[in-house]
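Notes follow the structure.
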Amino acid sequence: MDKDEILERVCEVVSDVLGVNLQDITPDSRFVEDLGAESIQSIELVAAFEEEFDIELDEEAALQVQTVGKAVDFVADAIERQSAQ
Amino acid sequence: MRIVMFEDADFGRLYPLTYLRPVFELRCGAYSLRRKLQAKFPDSVLHLEMRDALSRVAPEICPDCLLNHQDRLKPDDDILLVNGGAILTAPAQKYAERETVATAPTGEFVWAYLKRETVKKLSAVSARSLASLAARNLPSQNAQDLLIRFPWDLITQNASQIKSDFREFYRPQAEVKLDPRVAVWGEPTNLCVGKGAEIQPWTFIDCREGPVIIESGAIVRAHSSIQGPAFIGEKSYLHEACIREGTSIGPVCRVGGEVEESIIHGYSNKYHTGFLGHSYVCEWVNLGANTVNSDLKNDYTSVSVYLDGQPTDTGSTKVGAFIGDHTKTSIGTLLNTGAVVGIMCNLIAGASVLPKYIPSFCWYLEGRISKGLGLGAALDTARAAMARRGVELTDAMTELIKYTEELTRPDKMEKVKRDRKRAFR
């Protein structure tokens with residue numbers, strides 16, 4: 001899965017969970033400041049990414065991710081690691 | 001005679017109450033099972049044997065005790081071997097009349113009196129194996145004592161144990177000096193108030209049906225009511241609380257609202273309105289305002305409780321919740337009848353009652369079980385909560401919590417994945 005596809009799917013998940021328009025989400029969008037994610041929604045986002053990509057994320061590390069772009073990198077790393085196992 | 005109290009192989013039946021403490025440290029009545037045994041045999045040396053996972057933290061839980069000591073089975077003395085879940089009810093001398101093994105009606109080992117020659121002959125490496133060998137080799141009798149087999153047994157026995165502990169541990173006070181605006185109904189000798197306890201005006205204490213014990217440093221604020229038998233531990237505060245019969249509140253708790261036939265182990269808060277009934281709450285729990293648990297089904301049928309992931313019929317219609325250490329509930333949380341909540345959970349109220357079983361280290365959020373913020377954040381919260389009461393989260397306890405997280409992770413992840421699939425399908 002390439003990063004463009006991951007980005008597209010991450011944005012869809014973010015739009016769904018946070019109730020934000022897809023066109024308002026960019027790789028530079030910050031979850032809290034730009035997209036209005038509250039702490040409970042951040043936990044929901046992590047769970048939604050896990051289900052979307054069939055991966056398990058380290059929740060403490062995942063909750064440190066601040067932008068959509070960084071989330072794409074984080075998910076891509078997790079997919080690669082877990083595919084190799 | 002030496003006394004050896006040990007955890008048998010069934011300590012897991014008492015989860016989540018025994019993740020962070022040995023079975024014999026559970027509270028029933030005013031005191032722990034261990035303390036009751038010590039009081040019955042004050043002149044005997046007591047040895048305690050527990051699972052290895054608890055050995056580093058045990059000195060913090062049972063200070064001044066002999067723990068997993070290498071000499072506990074030394075055949076230089078007769079031994080009274082006692083199951084850690086046992087409450088011995090006969091006079092002390094009855095237990096050393098003759099060599100015998102006493103078992104529960106369900107077959108579990110309760111206690112055995114073994115002469116030193118028998119201890120030498122059986123040559124066991126642990127108290128648990130000694131019990132097993134004794135049961136196979138010695139004459140047995142039916143135990144007339146109590147054995148705590150399941151979490152709800154603690155609640156069932158609590159009222160009678162408060163009465164029994166009152167007789168055992170407390171002497172009638174010649175005169176309890178109270179503010180004249182405090183109302184006491186029943187025999188004054190059924191009320192015991194410790195040094196420095198404060199009972200504010202317009203408190204009502206009903207000790208007609210059983211004793212009320214208020215330990216030193218406790219504060220009972222105005223408009224509280226306490227119906228005996230009841231035990232209020234050291235430095236606990238009641239804030240306009242309605243404490244009903246059969247309730248034990250351990251030390252340093254903050255309690256308001258209604259509590260009935262429940263045990264709050266210690267260092268926990270249920271400060272505001274809400275109902276807690278027929279429940280056992282471990283340490284460092286915070287029940288948010290308007291947290292309510294059900295202890296009776298609407299169809300009056302017997303309550304089932306999840307043990308080891310399986311629903312188990314309690315045979316009782318009145319069963320509440322069993323809440324592990326360091327768990328927190330949000331405002332307005334509704335706990336189902338017979339709910340089991342593991343340790344270090346964070347429950348955020350939803351639109352309806354929560355599931356009956358929530359594994360340890362889980363969050364309950366938006367109607368499903370989730371991983372939440374993770375172990376690191378949970379430990380930070382534990383540290384902060386304990387610091388508010390001047391208690392340190394030690395390295396030994398941190399290690400035990402981490403061990404428990406690993407132990408319970410498969411169960412947690414099974415429920416997390418199941419609920420996640422349902423939520424994001």
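Let me confirm something: among B:ALA124, B:ALA131, B:ALA143, which residue is within 19 Å of B:GLY84 (Cα to Cα), in contact with an Asp or Glu (Cβ under 8 Å, 6 or more places away or on another chain) and in the same structural domain as B:LEU26 (by TED's automatic domain parsing)?
Working: B:ALA124 fails: in contact with an Asp or Glu (Cβ under 8 Å, 6 or more places away or on another chain); B:ALA143 fails: in contact with an Asp or Glu (Cβ under 8 Å, 6 or more places away or on another chain).
On inspection, the qualifying residue turns out to be B:ALA131.
Every residue, every condition in (1) touching a helix residue (DSSP H, G or I) at 6+ places or on another chain (Cβ under 9 Å); (2) basic (Lys, Arg); (3) farther than 27 Å from B:HIS278 by Cβ, yes or no:
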{"position": "B:PRO172", "(1), (2), (3)": "yes, no, yes"}
{"position": "B:ARG181", "(1), (2), (3)": "no, yes, yes"}
{"position": "B:PRO201", "(1), (2), (3)": "no, no, yes"}
{"position": "B:ASP206", "(1), (2), (3)": "no, no, no"}
{"position": "B:SER216", "(1), (2), (3)": "no, no, yes"}
{"position": "B:GLY233", "(1), (2), (3)": "no, no, no"}
{"position": "B:CYS242", "(1), (2), (3)": "no, no, no"}
{"position": "B:GLY250", "(1), (2), (3)": "no, no, no"}
{"position": "B:VAL259", "(1), (2), (3)": "no, no, no"}
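Of the listed requirements (1) in contact (Cβ under 8 Å) with a residue 60 or more places away in the chain; (2) part of a strand (DSSP E or B); (3) not small (Gly, Ala, Ser), B:LEU73 misses just one: (2).
Against the numbered list (1) modelled with pLDDT of 95 or more; (2) assigned to a helix (DSSP H, G or I); (3) within 20 Å of the chain's Cα centre (by Cα), B:VAL82 comes up short only at (2). Filtered by the rule that a residue be out of contact with any helix residue (DSSP H, G or I) (no Cβ under 8 Å at 6 or more places or on another chain), more than 9 Å from chain B (Cβ to nearest Cβ) and part of a loop (DSSP other than H, G, I, E, B), segment A:58-85 gives A:GLN64, A:GLN66, A:GLN85.
Within segment B:354-378, the residues that satisfy the criterion of being more than 8 Å from chain A (Cβ to nearest Cβ), assigned to a loop (DSSP other than H, G, I, E, B) and not hydroxyl-bearing (Ser, Thr, Tyr) are B:LEU354, B:PRO355, B:LYS356, B:PRO359, B:PHE361, B:CYS362, B:GLY367.
Condition first: away from chain A (no Cβ under 14 Å) and in contact with a helix residue (DSSP H, G or I) (Cβ under 9 Å, 6 or more places away or on another chain). Now tell me which residues in segment B:392-411 satisfy that. Give the derivation first.
Our first condition is that a residue be away from chain A (no Cβ under 14 Å); within segment B:392-411, this holds for B:392-401, B:403-404, B:406-408, B:411.
Scanning segment B:392-411 gives B:GLU392, B:LEU393, B:THR394, B:ALA396, B:MET397, B:THR398, B:LEU400, B:ILE401, B:TYR403, B:THR404, B:LEU407.
Residues that are of a type in the set (D, E, K, R), surrounded by 15 or more Cβ atoms within 10 Å (Cβ to Cβ) and assigned by TED's automatic domain parsing to the domain that holds B:GLU245 number at least 1 in the following strands (runs of 3 or more DSSP E) confined to segment B:170-234: B:204-206. For segment A:35-57, name all the residues that are facing chain B (nearest Cβ under 10 Å), touching a helix residue (DSSP H, G or I) at 6+ places or on another chain (Cβ under 8 Å), surrounded by fewer than 17 Cβ atoms within 10 Å (Cβ to Cβ) and not acidic (Asp, Glu). Those that are facing chain B (nearest Cβ under 10 Å), touching a helix residue (DSSP H, G or I) at 6+ places or on another chain (Cβ under 8 Å), surrounded by fewer than 17 Cβ atoms within 10 Å (Cβ to Cβ) and not acidic (Asp, Glu): none in segment A:35-57. If the condition is being more than 10 Å from the chain's Cα centre (by Cα) and either farther than 13 Å from A:VAL68 by Cα or within 13 Å of chain B (Cβ to nearest Cβ) (or both), then segment A:5-17 contributes A:GLU5, A:ASP16, A:VAL17. Consider segment B:381-409 and keep the residues that are small (Gly, Ala, Ser) and over 27 Å from B:ASP308 (Cβ atoms). The one that is surrounded by the fewest Cβ atoms within 10 Å (Cβ to Cβ) is B:GLY390.
The values are calculated or read from the model by the stated rules, or taken from the named source; none is laboratory data. Since this is a predicted model, take the numbers as computed values, not measurements. Neighbour counts are summed over all protein chains in view; Cβ atoms, including those assigned to glycine, are modelled from backbone coordinates with ideal geometry.
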